[in-house]
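Working notes, structure below.
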Amino acid sequence: KNEVEQSPQNLTAQEGEFITINCSYSVGISALHWLQQHPGGGIVSLFMLSSGKKKHGRLIATINIQEKHSSLHITASHPRDSAVYICAVLTHWGTGNQFYFGTGTSLTVIP
Amino acid sequence: DGGITQSPKYLFRKEGQNVTLSCEQNLNHDAMYWYRQDPGQGLRLIYYSQIVNDFQKGDIAEGYSVSREKKESFPLTVTSAQKNPTAFYLCASNGVGPEPQHFGDGTRLSIL
């Protein structure tokens, strides 16, 4: 069983649609990260959350610690949002951060 | 701009050959990591290092080796003992505390 589960695995949307990607985890965490992996393979960090909600432009990330669940929302989606979105949980830090990664959600936004 | 540089972008290995993947960072980060990514799987930790001259095995260290002689550099050697080396390899680093990791652009390793 994976410590981090994401859904859906694949998502196709029309430009302008509101998109939600979900992440559930089964371990105690210090923080949760949402990552974006571009088609070339490079990964960038979008958000780090330990509670509540964060917003950056058209991206919104929420986390419910009690339910061990996080969502990433994209408003007014655009073809340039097409990427793989990865949820990662940080379970321990101080002696080397310990991360568990979801398998990713592949998003394609069609013009 | 600070960042992580991985090289080469593509690498091919012959049977019985060791190959070394380079990872350099100028972010002044103490901790560095190597991950392997396979299709349909999450990133898996190969090795990590918190400080120069020290490193720890991750979940899938067999067939790999690393060194950390300088703070900026954390090369990964894929040895001939790694029977299934074809994968995408990502190097990452972070500073002190529960902060996001910074990733390189990855190296794609294939078998000839």
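For the pair region A:1-42 and region A:70-111, the centres of their Cα atoms are 4 angstrom apart.
Give, rounded to the nearest 20 debye, the magnitude of the charge dipole that chain B has about its Cα centre when Lys and Arg contribute +1 at Cβ and Asp and Glu contribute -1 at Cβ. Walk me through the numbers before you get to the answer.
On the way: 11 positive and 12 negative charges, 82 e Å.
About 400 debye.
By the count of neighbouring beta-carbon atoms within 10 Å, fewest first, B:Tyr47, B:Tyr35 end up ordered B:Tyr47, B:Tyr35.
Can you tell me the relative contact order of chain B? Whole percent, Cα pairs under 8 Å, sequence separation 6 or more.
Values: 287 pairs, mean separation 39.4, N = 112.
Reported relative contact order: 35 percent.
Taking amide H as placed 1.01 Å from N in the peptide plane, A:Ser30 has its amide H under 5 Å from the amide H of A:Leu90, A:Thr91, A:His92, each at least 5 places away in sequence or on another chain. For the segment A:31-39, counting C-beta atoms of other chains within 10 Å of every residue's C-beta and taking the mean gives 2.
Remark: chain B projects, on average over all directions, an area of 6.8 nm² (convex hull of Cα atoms). Compactness of the protein assembly as shown, taken as the C-alpha radius of gyration over 2.2 N^0.38 Å, stands at 1.02. Charge tally around A:Leu107: other residues with Cβ under 15 Å, Lys/Arg +1 each, Asp/Glu -1 each, net -1.
Report, to one decimal in Å, the Kirkwood hydrodynamic radius for region B:7-51 based on all distinct Cα pairs.
Working: mean 1/r = 0.0776 Å⁻¹.
12.9 Å is the Kirkwood radius here.
Kirkwood hydrodynamic radius (Cα pairs, Å) of chain A? Walk me through the intermediate numbers first.
Details: mean 1/r = 0.0711 Å⁻¹.
Value: 14.1 Å, from the Cα pair sum.
Read-outs: derived from the displayed coordinates by stated rules, not from any lab. Every value quoted in this text rests on a predicted model; they were computed, and no experiment measured them. Here Cβ is always computed from backbone atoms with ideal geometry, including for glycine, and neighbour counts include all displayed protein chains.
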